[in-house]
1. Return the equivalent ellipsoid semi-axes of region 1-151 as a descending list in whole Å, where each equals the square root of 5 times an eigenvalue of the C-alpha gyration tensor.
2. Using amide H atoms built 1.01 Å from N in the peptide plane, name the residues 5+ places from VAL354, or on other chains, whose amide H lies under 5 Å from its own.
3. Report the extension gain between LEU96 and GLU152 in nm, rounded to one decimal, defined as 0.36 nm multiplied by the number of residues separating them, less their alpha carbon distance.
4. What full-extension length gain, to one decimal in nm, is calculated for GLU166 and SER193 as 0.36 nm per residue of separation minus the Cα-Cα distance?
5. Test of the criteria: in region 179-231, which GluC sites (Glu not before Pro) are in a DSSP loop and have at most 15 other Cβ atoms within 10 angstrom of their Cβ?
6. Tell me the angle of helix 33-43 to the major Cα principal axis of the chain, expressed in degrees between 0 and 90 and rounded to the nearest ten.
7. Can you work out the Karplus-derived ³J(HN,Hα) for every residue in region 276-293? Use 6.51 cos²θ - 1.76 cosθ + 1.60 with θ = phi - 60°, whole Hz, and x for glycine or proline.
8. For region 33-91, what does the convex hull of the Cα positions come to per residue, in cubic angstrom?
Amino acid sequence: MKAIILVGGFGTRLRPLTLSVPKPLVDFANKPMILHQIEALKRAGVDHVILAIAYQPNVMMDFLKEYEEKLGIRITCSEEKTPMGTAGPLAIARDLLDDGTGEPFFMLNADVICEYPLREALTFHRGHGGEATILVTRVTEPSKYGVVVFDEGSGAVDRFVEKPKEFVGNKINAGIYVLSPSVLSKVEMRPTSIEKEVFPLVAQENKLYAKVLEGYWMDVGQPKDYLTGLDLYLGSLAKSGSGLLAKGSHVSGNAIIDPTAVVGEGCVIGPNACIGKDCVIEDGVCLRNCMVFPGTRIGKHSCVTGSIIGWKSRVGQWVRLENMCVFGEDVQCKDELYVNGAVVLPHKEIKGNVSKPEIII
Ligand code: GDD
Ligand code: MG
């Protein structure tokens, strides 16, 4: 079985992290986002993943080469010369996706995190006889997503409204689809949106179905949602009794600490904290609701809450970082500073207090 992952966007909302690597390669809970997905696809019986890439294809393919062998799955790139939106990539990969057997395939947005109930989605798809299945999830703020209005009994979709201005419902497109190859004939070879141009058409023909996704879900393509997604992910690990969660007297609630990271005396790590490879967390540090990317050092008695610290950064001693600070790669923050909601570009230095949220470029 095949799958196509849309990895094309520029990931602007996850800057400054995406200034260093493409969004799908940004670590989520110490593993690149896209690997969470490729592993789930493999578990669901997929043997060939096609990456629809419009931006830096070589970076992605070089990175994933070793995983083809490790995971025993074929990974190929379908390149766009210009960004083709969320449906155009289907036209480019048409021959790869339609092998003449009529077998459905999976399609995924690259920035969604969940338990990936893909087998269940496939069974549902085979059962309804339509052309497309969308997994949906409930959210409190539907306006930033695609809203799906459907019959709860049969799953038949009545309407699909992308980023609605007015409230039409609270069940939204989770960015995970099962598509039959017949859908491909509805996609033109031009930049086009599956949400705005293809799904409404399939819905009109009564061939679009929705299935409510069990468990947690999050689009982690924005910093605040990234941390919320981390919390949900760690919660789900806790529920399943996963050995990935850190243990010890310094751990408070759910946290992940890479085995190569060094954590000093008297630290409090968690709840909802993740420490990457080769990080050094000095004595008395408090890390709560935050992600620390690989190779970063946090000085003694500093406290980081609700923030994301990029690769190889250096936070001094007695520093307080809070309120959605996002540091890019190699940011240096001097000792004894208070930093409130600073978004800091790679290779920058913070020398003074930042008392209210600002972008440091
Ligand atoms: N190959 C390719 N080419 N991929 C693209 C392009 C492109 O031109 N543009 C966007 N993508 C990819 C992104 O990388 C991402 O994986 C996916 O398409 C969706 O794009 P986003 O920019 O993340 O869209 P969104 O989050 O605003 O909305 C989408 O996701 C929501 C769920 O998270 C929509 O599908 C909504 O309907 C949905 O609710
Ligand atoms: Mg998104």
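The values are calculated or read from the model by the stated rules, or taken from the named source; none is laboratory data. Just so we're clear, the structure is a prediction, and the values are computed from it rather than from any experiment. Cβ sites come from the backbone with ideal geometry, for glycine too, and all protein chains shown count toward neighbours. We work out accessible area using only protein heavy atoms, side chains counted, and drop any ligands, DNA or RNA first. Shrake-Rupley method; radii C 1.70, N 1.55, O 1.52, S 1.80 Å.
1. Over the Cα atoms of region 1-151, the ellipsoid semi-axes are 23, 20, 16 Å.
2. Result for VAL354 returns TYR338, VAL339, ASN340.
3. My answer for the length gained is 16.8 nm.
4. Working it through step by step, the gained length comes to 7.7 nm.
5. Hits after loop and neighbour filter: GLU188, GLU205, GLU214.
6. With rounding to tens, the tilt is 50 degrees.
7. Listing the rounded values in order: x, 4, 6, 7, 10, 10, 6, 4, x, 8, 10, 10, 9, 6, 7, 10, 10, 6 Hz.
8. With only Cα atoms used, region 33-91 gives 87 Å³ per residue.
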